[in-house]
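Below is one structure, written out as structure tokens; the observations come after it.
The values are calculated or read from the model by the stated rules, or taken from the named source; none is laboratory data. Since the model is a prediction, treat every value here as computed from it, not as a measurement. Reconstructed Cβ throughout: ideal geometry from the backbone, glycine too, with neighbour counts over all protein chains shown.
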Amino acid sequence: MTNDQVLYLKDCYLKEWETKVKSVSKGKFIVLKNTAFYPKSGGQPWDTGKITKDDEEYKVVYVGKFGGNISHEVDKPGLKPGDKVKCKIDWERRYTLMKMHTAAHVLSRVMYNESGATTSGNKLGVDRSRIDFALDDFDKEKIKQNIEKTNQIIAKKLSVEKKFMSKEQAMKLEGFAGPSPHLMKEFDRLRVVIIKGFDSQPCGGTHLDNIEEIGAIEFIKASNKGKNNRRVYYKLKNEN
Ligand SMILES: [Zn+2]
């Protein structure tokens, strides 16, 4: 699929659209001409939702990347190549994941700026998310302070841009290539997520337009899985 067919790359707030079924495998694995369903990747879980043909609804239960395509697993067979369909994302789940993911970028940058920690992994979720940091000192109090610092940054209401650019252009961005640049090898150009004046990193995930939409985050716990995996768990405040 080309970037143009992957609708969430340009518009992370697209919830409903019309398209056609491109191919069907084993009755339940659907490739669409255009899709905004996010496939499991980069630590962000897949979107759920539904694909509707005429009055028949097919629940989207899993979305993954297979052989350069985004494949949607539906709950029952029936869709055929060429079918005109309406798609709808389960927005509450997706929007929560957008908050979690954008918070992860802010927290990663704070951990880098304040403690020199680089991000070694992450697993985002609806109820809680975790980030692994490579960090010499495992100091829980300092980590808690960094969560508070993250909330102070969120309160600054910085806008978030998503831009395609060459690697050379990206390298020139202020604050680029700090915490864990997970390069998007499958795309011809880099998609860079820029939190204005604060952080920029290559990322193919779905992000908010402004960090204020996160609200605030809350420290849950930190566990020590070794020097390269100081594991920090957080959740959204006033949610769940
Ligand atoms: Zn991201």
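Evaluating TRP46 against the criteria (1) within 16 Å of the ligand (Cβ to nearest atom); (2) part of a strand (DSSP E or B); (3) not aliphatic (A, V, I, L, M) leaves one unmet condition, (2). Taking every residue in the range 44-56 that is at pLDDT 95 or above and pairing it with any residue that is among the polar types (S, T, N, Q), at least 6 positions away or on another chain, the pairs with Cβ-Cβ distances below 8 Å are GLN44/THR206.
Every test in (1) at pLDDT below 95; (2) touching a strand residue (DSSP E or B) at 6+ places or on another chain (Cβ under 9 Å) is passed by ILE143 save one, and that test is (1). Annotation note: of VAL61, VAL106, VAL110, the sole residue that is at negative phi, of a type outside the set (Phe, Trp, Tyr), at pLDDT 95 or above and away from the ligand (no atom under 16 Å from the Cβ) is VAL61. From the list GLY226, GLY175, the lone residue that is at pLDDT 85 or above, on the phi > 0 side of the Ramachandran plot and away from the ligand (no atom under 14 Å from the Cβ) is GLY226. Every condition in (1) away from the ligand (no atom under 16 Å from the Cβ); (2) touching a residue at least 24 places away in the same chain (Cβ under 8 Å) holds for SER41 except the one numbered (1). Condition first: more than 26 Å from ASP209 (Cα to Cα), in contact (Cβ under 8 Å) with a residue 40 or more places away in the chain and in a loop (DSSP other than H, G, I, E, B). Can you find one or more residues in the range 58-69 that meet it? Yes, the conditions are met somewhere in the range 58-69.
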